[in-house]
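**Student:** I have a structure here, written as structure tokens, and I will follow up with some questions on it.
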Amino acid sequence: MKSRRVPDGLDDVETAELTAAGSSLWRLGFVAIVAGLLTGVVGASFRLVLRAADDLRVHVAGHAHGLGWWGILLPVAGVAAGAGLARLLVRWAPEAGGSGVQRVEAVMRGEAGPAPLKVLPVKFIGGALALGSGLVLGREGPTVQMGATIGDALAALFRLPDADMRDLQAASAGAGLGVAFSAPLGGAMFTFEEVRRAFTTRLAVASLLAASAAWTVGFVMLGGKPDFSVRALTTLSWSTMPAVLVFGALMGLLGVAYNRTVMLFLGLSARMTGVPPEIRAAIVGGIVGALLWFEPRLIGGGDPVAQAALRSGLPVVTIALILVFRWFLGPISYAAGTPGGLFAPLLVIGALCGALFAAGWNRLVPGVPIDPIALSVVGMSTFFAATVRAPFTGILLIVEMTATTSQIMPMLAAAGMAVTAATVLKGPPIYDSLRLAMLRAQGEEAAVDKPGEPSEPLRPSGDGGPSASGGTRTGP
């Protein structure tokens, strides 16, 4: 039998193709670094503004208590005004409403066109007003969309081809998430696992360079400390694995329930067509302002609550009460339609669920105790996996945010069970639900704008680029 001769090298055509690919990869890498630096500046500045807004909110609440019972009107009016104004800004750039992650994912699938550059100021200012006033929203949604918008603008400026343009948008979005949580590796994984749902050499280069550049800027502007301070934890013993698996399955069930709660309140808000969206947002703000007067831990992104659960624990009754209130306040705040994300409130719920489960387990099975703080860490990544259905992103985010690696094994096991349970229950990931709802709403608006004309469905075109919702761009 004759053996095939292995060629000694590449032919001239193959060599030329590799040379061209390498040259364009250098170009993509350079633009990714620029995009990461700009995303880092914008994302870190956004966090600094939110810190100042949080301090101002605490000061106003303290001053209001000095005015007696009439003082409650101050936080109610202030938060209502902030939420209403944030929603008013969305009229100028409708793409800036909500999280923005679902729109970025729609662009990746060719179901929507890239957001215009005016989304940047609306997302920044509107997000600062909504989150700073105390709505139960996350800072990551705005930074993800702002990063993607920066990536799109630079891709057009440097005239990158369509495939590189989408990779750069995804990489910049991941860099935005990394800046929001001081978690560059989690941001890069978010690009692969959730935004692009692919892994290629070009995407990897763009994501890693953008994430590292953004993190460098964030380090300079915000400092290098992780978001949460956690004492040294020992790895949960093998004897606790049954509890971890049960906990993961339970979190999968709760993740499906939470996603349905978000969609329920969004649907209720959409049906309130007789009330202007700014008034609806102001009403939500008024409710949040009243809660600010009574118990500040119930509102806001929730970092102080998560930190309390991760530092020394909270009384069981307090955990349960905060959990119930924040379970509904997050979806209600999101339904207001202001700029703001879902991640940060999800992490708080996960931490509280972990602490609550550990307290119940230790009472029922005292012979196999579980560290409540350790399970709070596991709970954050597990609830993220259950709702977003991006388990590796959730694990990396929490590892970086807590600077602890001792719980990776239970995190993996619990996330696997959570994703399994949520899938068996046929609960779609939250951003898939939000993306489809957004596209349906756009289709209905188009049908209203052009009565009597059949609306073209929003779907990917044959080459993967946007079709009915807009075209791709190769230039400025």
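**Student:** Give me the distance between the Cα centres of region 412-433 and region 313-390, rounded to whole Å.
**Tutor:** When both Cα centres are located, 16 Å separates them.
**Student:** What are the semi-axes of the equivalent ellipsoid of the chain, taken as the square roots of 5 times the eigenvalues of the Cα gyration tensor, listed largest first and rounded to whole Å?
**Tutor:** Working: eigenvalues 268, 177, 91 Å².
Computed over the chain, the values are 37, 30, 21 Å.
**Student:** Pick out the long, greasy-scoring helices in the chain: whole DSSP H runs spanning 18 Å or more along their own axis by Cα, mean Kyte-Doolittle at least 1.0.
**Tutor:** On the way: long enough: 12-65 (78 Å, 0.73); 73-90 (26 Å, 1.85); 119-133 (20 Å, 1.55); 140-157 (25 Å, 0.59); 162-181 (29 Å, 0.34); 201-222 (30 Å, 1.57); 241-271 (45 Å, 1.40); 277-294 (26 Å, 1.44); 316-335 (29 Å, 1.82); 343-364 (31 Å, 1.50); 372-388 (23 Å, 1.69); 408-424 (24 Å, 1.75); 430-449 (28 Å, 0.01).
In the chain, the long hydrophobic H runs are 73-90, 119-133, 201-222, 241-271, 277-294, 316-335, 343-364, 372-388, 408-424.
**Student:** Multiplying the sequence separation of residue 432 and residue 324 by 0.36 nm and subtracting their Cα-Cα distance, what value in nm do you get?
**Tutor:** Working: separation 108, 0.36 × 108 = 38.88 nm, distance 2.51 nm.
Roughly 36.4 nm would be gained on extension.
**Student:** For the pair residue 67 and residue 55, how long in nm is the line joining their label points, each one 7 Å along Cα→Cβ?
**Tutor:** 2.3 nm
**Student:** Could you estimate the translational diffusion coefficient of region 238-430 from the Stokes-Einstein equation, with Rh from the Kirkwood formula over C-alpha pairs, at 20 °C and 1.002 mPa s, in whole µm²/s? Before the final figure, lay out each step's value.
**Tutor:** On the way: Rh = 17.0 Å.
So the translational diffusion coefficient is about 126 µm²/s.
**Student:** Can you list the chymotrypsin sites (Phe, Trp or Tyr not before Pro) in region 300-394 that are in a DSSP coil and have 11 or fewer other beta carbons within 10 angstrom?
**Tutor:** Details: sites: 325, 327, 328, 334, 343, 357, 361, 383, 384, 392; in loops: none.
Of the chymotrypsin sites (Phe, Trp or Tyr not before Pro), not one in the loops of region 300-394 has a Cβ with at most 11 other Cβ atoms within 10 Å.
**Student:** If you don't mind, there's one more thing I want to ask. Obtain the nm distance between the two label points defined at residue 201 and residue 423 by a simple spin-label model: each point lies 7 Å from its Cα along the Cα-to-C-beta direction.
**Tutor:** Placing both labels 7 Å along Cα→Cβ, they lie 3.0 nm apart.
**Student:** 7 Å from Cα along Cα→Cβ at both residue 275 and residue 294: what's the point-to-point distance in nm?
**Tutor:** 1.8 nm
**Student:** Separate question: So which trypsin sites (Lys or Arg not before Pro) in region 172-233 are both in a DSSP loop and have at most 16 other Cβ atoms within 10 Å of their Cβ?
**Tutor:** Working: sites: 196, 197, 202, 231; in loops: 196, 197, 231.
Within region 172-233, the qualifying trypsin sites (Lys or Arg not before Pro) (loop, at most 16 other Cβ atoms within 10 Å) are 197, 231.
**Student:** Another question, if that's okay. Trypsin sites (Lys or Arg not before Pro), restricted to region 133-169: which are DSSP loop and have at most 16 other Cβ atoms within 10 Å?
**Tutor:** Working: sites: 139, 159, 166; in loops: 139, 159.
In loop regions of region 133-169 (DSSP not H, G, I, E or B), the sparsely surrounded trypsin sites (Lys or Arg not before Pro) are 159.
**Student:** From Cα pairs below 8 angstrom and at least 6 apart in sequence, can you work out the relative contact order of region 238-430, rounded to a whole percent? Present the calculation step by step, with values, prior to reporting the outcome.
**Tutor:** Values: 262 pairs, mean separation 63.2, N = 193.
It comes to 33 percent, rounded to a whole number.
**Student:** Below 8 Å, C-alpha to C-alpha, sequence gap of six or more: please give me the relative contact order for region 25-222 in percent.
**Tutor:** Numbers: 327 pairs, mean separation 64.0, N = 198.
Relative contact order comes out at 32 percent.
**Student:** If you don't mind, another one. Viscosity 1.567 mPa s, temperature 4 °C: give me the Stokes-Einstein translational D for region 75-191 in µm²/s, with Rh taken as the Kirkwood radius over C-alpha pairs. Before the final figure, lay out each step's value.
**Tutor:** Working: Rh = 14.4 Å.
D = 90 µm²/s.
**Student:** May I pose another question? Could you grab the relative contact order for the chain? Cα pairs under 8 Å, six or more apart, rounded to a whole percent. Can you show the working numbers first?
**Tutor:** Details: 899 pairs, mean separation 113.7, N = 476.
With pairs under 8 Å counted, the relative contact order is 24 percent.
**Student:** Could I ask something else about it? Grab every C-alpha pair in region 25-222, bin the distances at 5 angstrom width from 0 up to the longest one, and report whole percents.
**Tutor:** Taking every Cα pair in region 25-222, the percentages come to 1, 9, 17, 19, 18, 13, 9, 6, 4, 3, 1, 1, 0.
**Student:** Using +1 at the C-beta of Lys and Arg and -1 at the C-beta of Asp and Glu, which of 63, 332, 364 has the Cα lying farthest in the positive direction of the dipole of the chain?
**Tutor:** My answer, from the dipole projection, is 364.
Every number here is computed from the coordinates shown, using simple stated rules; none is lab data. Bear in mind the structure is a predicted one, so any value in this text is a computation, not a measurement. Neighbour counts run over all protein chains shown; Cβ positions are idealised from the backbone, glycine included.
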